[in-house]
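This report refers to the structure that appears directly beneath it.
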Number of protein chains: 4
Amino acid sequence: MATTSAQKKKCAILGATGAVGTRFVQLLENHPFLELVAVGASAKSAGKRYASVIHWQHPTPVPSNIADMIVRPCTPSHYQDCEIIFSGLDSSVAGEIEMEFLKADFAIFSNASNHRMAPFVPLMVPTVNLPHLEMIHAQREHYKLQKGFLVCNSNCAVVGIVVAFAALQKLGAIDQATICSLQSISGAGYPGTPGLDILDNVIPYIAGEEEKIQAEACKILGNFQKDPSASIVEQSIPMTVACNRVAVLDGHLLCVSIRFAQRPAPSLDQIKAALQEYTSDAQTLGCFSAPQRAIVVHDAPDRPQPRLDRNIEAGFAVNVGRIRSDPSGVYDCMFVALSHNTILGAAGASIMNAEAAIKQGYV
Amino acid sequence: MATTSAQKKKCAILGATGAVGTRFVQLLENHPFLELVAVGASAKSAGKRYASVIHWQHPTPVPSNIADMIVRPCTPSHYQDCEIIFSGLDSSVAGEIEMEFLKADFAIFSNASNHRMAPFVPLMVPTVNLPHLEMIHAQREHYKLQKGFLVCNSNCAVVGIVVAFAALQKLGAIDQATICSLQSISGAGYPGTPGLDILDNVIPYIAGEEEKIQAEACKILGNFQKDPSASIVEQSIPMTVACNRVAVLDGHLLCVSIRFAQRPAPSLDQIKAALQEYTSDAQTLGCFSAPQRAIVVHDAPDRPQPRLDRNIEAGFAVNVGRIRSDPSGVYDCMFVALSHNTILGAAGASIMNAEAAIKQGYV
Amino acid sequence: MATTSAQKKKCAILGATGAVGTRFVQLLENHPFLELVAVGASAKSAGKRYASVIHWQHPTPVPSNIADMIVRPCTPSHYQDCEIIFSGLDSSVAGEIEMEFLKADFAIFSNASNHRMAPFVPLMVPTVNLPHLEMIHAQREHYKLQKGFLVCNSNCAVVGIVVAFAALQKLGAIDQATICSLQSISGAGYPGTPGLDILDNVIPYIAGEEEKIQAEACKILGNFQKDPSASIVEQSIPMTVACNRVAVLDGHLLCVSIRFAQRPAPSLDQIKAALQEYTSDAQTLGCFSAPQRAIVVHDAPDRPQPRLDRNIEAGFAVNVGRIRSDPSGVYDCMFVALSHNTILGAAGASIMNAEAAIKQGYV
Amino acid sequence: MATTSAQKKKCAILGATGAVGTRFVQLLENHPFLELVAVGASAKSAGKRYASVIHWQHPTPVPSNIADMIVRPCTPSHYQDCEIIFSGLDSSVAGEIEMEFLKADFAIFSNASNHRMAPFVPLMVPTVNLPHLEMIHAQREHYKLQKGFLVCNSNCAVVGIVVAFAALQKLGAIDQATICSLQSISGAGYPGTPGLDILDNVIPYIAGEEEKIQAEACKILGNFQKDPSASIVEQSIPMTVACNRVAVLDGHLLCVSIRFAQRPAPSLDQIKAALQEYTSDAQTLGCFSAPQRAIVVHDAPDRPQPRLDRNIEAGFAVNVGRIRSDPSGVYDCMFVALSHNTILGAAGASIMNAEAAIKQGYV
């Protein structure tokens, strides 16, 4: 049964003119029960027609009704017609603005890094840790809110790790991991990485990224403990992380090596089966954007590859391949993980988080 | 004092028409005491003018005297005027042809992988293990040669590891390492990686490469034991290796994490100093192609980068940067290493090996 | 009303393992009335499982029923179960093989260049010159066929010209044109252009391409003259053509300058309107693959761009932008045209040609 | 005989921190008679150490003495120790600042576009129109200067045209030309073109570029008329120009078609000879940076190519290839021209202009 416009949840996007913002617009087009009614941006763009202030880079055109919207300033009073706020704000301003909207009792789904590690704030990859949504109760109590809350999605590079680890830890605890990332330039936003820096080149450094991956993975993979503190008990997995920027448009690829705590370690067959059989709560719950397969396992020796595999499952899956043992014997298993950094790694995750929150009655 | 042509050593290049072969030609132009007098290739090219059968990709033009040479077949009888044979042959044919030349008592410096791991064959990165040349005596005895011998240079990706490790092991033994490579497409030769495979993409697999890196590093870093067996006692460093092909023309970048055997481990300052102060035997011996600095240490947080740093020291140095500790505590030190894969990683190493062999009287 | 499998036309693809061949497979997946039942290739692949001999580069996976097909040799006797033959054969073999199939009375839609300029062979861009199909009658008479015939689609770069010119000539004859192409590497097939040749580079030459563009455009834009000769009266437009290969995966971009015969020339407004209003016979006829808009006109000053616009209308449209006058006064109009070289420029055109032939009762 | 430091001309670079500015620094390193003593930039950088405010992208390191210089503000009073000012200023500020320096009686060599078309200002490509320097006398009179003057170098894309045309017009007047450019991203400065815009893409538009090429070419190719007006009589060649940005780091490639006024037109052999034999006044005068060959003619059908040929003659030559007739008969000759946009097309030209001015006693 189709949802009528009247039944749809009215949404706004803050930071709607940036790289993440335009991706939100694209993903919300034709959404069955989320209706985009407002786009917000900085004073520079506010008051102007949306289409006139964006650099649209998606293969489908700007939805025509959105193109003609007048950009609103990012202050809560301008969004009284909205039930859900998606934030694609830059971290230089997101901290303060999101807090204003939270205090104004809005339901906010943010892609910014500012509040990710804050207590009471669920940091969610929807195909990993939906139960963390329950922290919303404590958050409302803490901030004295009726219906508002703030849910963050994760760093774009960490999703490949946490989705794979969520599946693998069904076999036993991982007690050490080494990760080397080859990240696409869209991870740096727009205009982001200059062509002169990345053509025929690699930049073996992304400021703050290695720290974020380690910290966010441990929070996402943690357990929500209702009593007494309503907090996340973080997992503690030592991770050795090296991040690189490569000449790829979309898709972050990770070379991962892991060691399990238990001896003997799970076999490669068990590992492969665990990845293939993994079903997330977002799928079980029937979230609209949930992929059919949260993890797609590749058998070809040279896959996954960013350009060929990033759009599998519409960008909501994590691709895993090259599952192999480590000839050196140090690690139990090595593999390659690939995820779409602006879909599952950004706007897409935020939207799926909203879908789950609606399903569970938080909105 | 200039070397006259009469005093120069006459050289030939086998496989002179391929990517490595043309690099040999380029590097030998204007060499003070190596004179290229013959170019050899497969039956398809033999008998033709050199310039008519190559795909020259270097910014300097084909040396005019070489351009006009008639390509010779790769059989020893055609090279009686040569004292030194450089082999840029493809591994599909190198094994047999090089053995024929060896048995015909030629001095061969090979870039092919076929004989690298053979006993009696020095596998040499000239800025690392010149003493292995001494194995030539045993090799001559074994093959019953008067003046001939076979010396191999290494895989193009391993040089970044062994040069750095040679410096670091002056501080103490390394007992574990993890390496993730981002390798350029020239490492696959010409035509090599199709543009359709690498544009906007990463290929997270290079057939056989991970195994070669582990095996060759242990031999190169081993010690030559004269008595009783005249063999290399290989080092045994467990290495966890993942190799990737990226959209870079030249230069292999490695993300490396290491652990020392000793506790407490050397400090980052000691590590940095050891890298900066490292001087190889090739430099001490005064090899013509030896770099002023065998290792160039970078302080900028985002260096070395392939395009900006691969040509430092004319491609004969290893660049090291991002020397840092591992926040997870698992490894003692993390760093990035970059080397030029067709210079120090291929033809350049072979030429420096020849220079050292001449200096030490083997030719 | 859905077409049942029984009602579908059975098709085969010759040269099914190459770049054009795999694109045929991808485009025929889920086709409402064309059913792929056979894949053919050279002796090297014949007898093997299709999935084991291809290099699949499309974002959707190989259709599972095709993946398991056993590749057939390219001889007519193996295709008795097929009504339609699509040829993605390489031109080194296409000439002879296609002629064998023609003489065996098959309906062949070929992407190869061999027979394009032959008399009696319709050279068709389906959104331009469907009436040329009528030449099939004369062709059958000439070759003494009952139901077979050969229809060629055009060179991949010429489509941008002929579709635009078909629209523009409704305003009056074009009497001179200058064209400079920036062509993608997929136009060279797979493996095609080596990464080492195209990264950070342009190749200002494509063998034979400039000649093909001139010759094919004049035939495609010609008129079929039924009597007395049943032949194409070619248009004679002097074209000055320069072709370049650039680092783009898909999409050929053309910088075009034209002069009309009539004075005063049509205005830019008339030109823009003619392009926007153009409707091809393929659309009117209701061909399944026909685009909604055969020409998409862009107003943004920097569009069309290959990566952003090549997939508009599923790759079956020609994008036109930067419609402007020539300040020098030599030409009446300058513009940029972009088309997808492996869809409208290759396999897609062939399939739409087949759809039209079916609609018109030739199959 | 070496020039001692005392005899060297003291120089400054304004806009020294940008892409053109750093190229000036690189090219002036080791210059025999130009000594860089000051670097200037905007208020944001002034007062800081040069190395701390630049994004250096050249393969050779920042000269150590320059690295430690304190950046000066761009006001004339800070440059009393300088005889020559090179301006790599952005055109948003260059107009005013250069005029201030001119009125303060400095000798300025500017890469900015602001004053290029001004009367009294020589617009010079040193291997084309050195005689235009004579306009300095009139300029000084006009601005009431003792020793100061302003000389501009040209747009980076126009050099390929004017150098080739200067050679060709020795055969007779060119009366029509069509030019399609494929320009590198360094032409847009740094950060310039975002990686997200240019990877797997072409941008068929560069704001203002087509107009500049037409206008500047006509001035550069014009004749200096001493009496009565001391002005340039511009050449009037109708040029049809289309500009594109492609994924190339350095080097602008032009596809050119020309028609001569005279009938019969010069033959291809004559054209080729004229290009090969062309010697510019900068060479005759013995300018230090003048190339041995102002034009390098290529015979290979697929050359020149940006990556392979841009550095020929250290970037001071124009490469010409694919010299051929136009099968359509409209043009007399078609060819491809390639030049290095930040050397002959920017900083290098400015330095050679200064060398010529010194040789001729203007400084």
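Details
- Projected label points at residue C:99 and residue D:99, each 7 Å from Cα along the beta carbon direction, are separated by 7.4 nanometres.
- Look at the Cα gyration tensor of segment B:1-91: its axes a ≥ b ≥ c give a/c of at least 1.5 with a/b at or below b/c, and that counts as oblate.
- Selected from C:279, C:60, C:22 as most flexible by GNM, with chain C as the system and alpha-carbon contacts under 10 Å: C:60
- Put the Cα centre of segment D:294-343 next to the Cα centre of segment C:260-310 and the gap is 34 Å.
- Rounded to the nearest 20 debye, dipole of segment A:211-255 from Cβ charges on Lys, Arg, Asp, Glu: 40
- Rounded to the nearest 20 debye, the dipole magnitude of the protein assembly as shown is 0 debye, with +1 charges on Lys and Arg beta carbons, -1 on Asp and Glu beta carbons, and the Cα centre as origin.
- Listed residue (D:169, D:64, D:305) projecting farthest to the positive dipole end of chain D, Cβ model: D:64
- Mean Kyte hydropathy of 1.0 or more with a Cα span along the axis of at least 30 Å, helices from DSSP in chain C: none
- Value of relative contact order over segment B:76-231, rounded to a whole percent, pairs C-alpha under 8 Å and six or more apart: 24
- Distance from the C-alpha centroid of segment D:162-227 to that of segment A:224-252: 50 Å, rounded to the whole angstrom.
- Surrounding net charge for residue B:359, when Lys and Arg each add one and Asp and Glu each subtract one, Cβ distance under 15 Å: -2
- Rounded Å value of the spacing that divides the Cα centres of segment D:118-143 and segment A:64-100: 56
- Remark: relative contact order (segment B:273-357) = 28 percent; criterion is Cα-Cα distance under 8 angstrom and separation of 6 or more residues.
- Whether chain A is rounded, prolate or oblate, judged on the alpha carbon gyration tensor where a/c under 1.5 counts as rounded: prolate
- Residues whose amide H lies under 5 Å from that of residue B:86, counting only those 5 or more places away or on a different chain, are B:12, B:13, B:14, B:109; hydrogens are built 1.01 Å from N in the peptide plane.
- Cut-off 14 Å between beta-carbons: net charge of the residues surrounding residue D:271, Lys and Arg +1, Asp and Glu -1: 0
- Here the relative contact order of chain C, from alpha carbon pairs under 8 Å that lie six or more residues apart, stands at 17 percent.
- Rounded FRET efficiency, nearest 0.05, which uses the C-beta distance separating residue C:207 from residue B:48 and R0 of 25 Å: 0.75
- Only Lys, Arg (+1) and Asp, Glu (-1) charged, at Cβ; chain D dipole about Cα centre in debye: 380
- Ellipticity estimate at 222 nm from DSSP helix runs (n ≥ 4, -39,500 (n - 2.57)) divided over chain C, nearest 500: -7000 deg cm²/dmol
- Rounded, prolate or oblate (a/c below 1.5 giving rounded, otherwise prolate when a/b exceeds b/c) for segment D:245-363 by Cα gyration tensor: oblate
- If R0 is 35 Å, the Cβ-Cβ spacing of residue B:226 and residue D:60 corresponds to a FRET efficiency of close to 0.20.
- Phi-derived couplings, Karplus 6.51 cos²θ - 1.76 cosθ + 1.60 at θ = phi - 60°, listed residue by residue for segment D:79-89: 10, 5, 8, 10, 9, 10, 10, 9, 10, x, 5 Hz, with x used for Gly and Pro.
- Think of the axis that spins chain B onto D; the B residue whose C-beta lies nearest it, and the distance in whole Å, is B:200, 2.
FYI, it's all coordinate maths here, none of it is from the lab. Being a predicted model, the structure only gives us computed values, none of them experimental. Glycine gets a Cβ as well: all are built from the backbone with ideal geometry, and neighbour counts include every protein chain shown.
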